[in-house]
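Worksheet: one structure, shown below.
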Amino acid sequence: MIMETEKGKIKLAILSFSILLMGIIGIAGGLSVIGNHFSNLPQTSIQLLISLPCILIIVFSLLVGKLQEYVSKKKLVVFGILCFIIGGTVPAFISSFTAILVLRAILGVGIGIMQPLSSALVVEHFEGDECSKVMGQQVAAQMLGCAVMVLLGGYLAVVGWQAIFYLHLIAIISFIIVLVCLPDTNPMQNTAAEGAPAGKVKLTGAA
C-alpha cells in the first residue's frame, strides 16, 4: 500500500509538470494583439516569441542528458518549472520587446529541461504495462495543458496584450506538487560511482 501511494505521488508530480510542456503556444491566440501593440515591428519579429523558445527547447533537450549526470532529476525539473514561471510571467510587467524575447528564451530553456525528464522519470519509476499506461497519461496531460493554456490565453488576450502572460502562473501548482511529491535521487554520475565495484573505485583513485 505504501509503495502504491508513493507511486501515485510520483505519477501526480510527473503529470503536473507534463501539463506545462506545450506551454510555448499558450500565447499563440494573442500574437495579433501583441503585434498591434508593437506595430513598429515586422510580423516575423512577433513570431520569434514562438520560434525562439522552440530553438532553446531543442538545444536543452539535448543537453539535459549530460546535466543529469551532475544534478538530480528533481532539481532539474524544479529549475525548469522556475524558468517557465519567470520566463512566462515576467513579460506581463515589462514593455520592452527585446526583454520579452529574452524571457521567452528562458521559458524555452525550462521546457527543454522538463521535456526529456518527464519520460525519463516514467521509465525510472514504472515498469511494463504500468509504464506504458503512465506514458499514455503523460501525453494526455500534455494535450490537456495545451488546450487549457490556448483557451485561457485567448480569453486573457481580450483583457490586454500583457495579461496573456499571466497564464503561465498555472506552473506554480506544478512547482508545489513536484516539491512535495517527487523524490530526490542522486545524479547519474553519483549513482554509477556507488554501484561500481570497490576494486575499480580504488584503481580509479590510484590513477
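A compact table of results
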{"item": "Given charges at beta-carbon only (K, R positive; D, E negative), |dipole| of the chain in Debye", "result": "300 debye"}
{"item": "Shape category assigned to the range 146-192 from the gyration tensor of Cα positions, a/c cut at 1.5", "result": "prolate"}
{"item": "Whether the range 110-155 is rounded, prolate or oblate, judged on the alpha carbon gyration tensor where a/c under 1.5 counts as rounded", "result": "oblate"}
{"item": "Nitroxide proxy distance, nm - points 7 Å out along Cα→Cβ at Glu130 and Ala163", "result": "4.5 nm"}
{"item": "Spin-label pair Ser51/Val139, simplified geometry with 7 Å Cα→Cβ offset, distance in nm", "result": "2.9 nm"}
{"item": "Karplus (6.51, -1.76, 1.60) ³J(HN,Hα), θ = phi - 60°, over the range 5-22, in Hz, Gly and Pro reported as x", "result": "5, 5, 5, x, 5, 5, 4, 4, 4, 4, 5, 5, 9, 5, 4, 7, 5, 9"}
{"item": "Protection-proxy order for peptides 98-109, 66-77, each taking the mean of Cβ atoms within 10 Å per residue, highest first", "result": "98-109, 66-77"}
{"item": "Size descriptor, Kirkwood hydrodynamic radius, that averages inverse alpha-carbon separations across the range 61-167, Å", "result": "15.3 Å"}
{"item": "Test item: Cα-centred dipole of the range 71-147, Lys/Arg +1 and Asp/Glu -1 on Cβ, debye", "result": "320 debye"}
{"item": "Among [x] 11.1; [y] 13.1; [z] 14.1, the entry that matches mean projected area of the Cα convex hull in nm² as calculated here", "result": "[z]"}
{"item": "Choice from Gly110, Gly128, Gly29 showing the highest fluctuation, given a GNM over the chain with Cα pairs closer than 10 Å", "result": "Gly128"}
{"item": "Cα lying deepest toward the dipole's positive end in the chain, options Ser18, Ala163, Ser174, charges on Cβ", "result": "Ala163"}
{"item": "Contour minus Cα-Cα distance for Val180 and Val59 (0.36 nm per residue)", "result": "40.7 nm"}
{"item": "23 Å Cα cut-off, lysine pairs counted over the chain (separation 8 or more, or different chains)", "result": "17"}
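We did not get these values from a lab; they are worked out from the coordinates using the rules stated. Since we're looking at a predicted model, the values are computed, not measured. Positions of Cβ are backbone-derived with ideal geometry, glycine not excepted, and every protein chain shown enters the neighbour counts.
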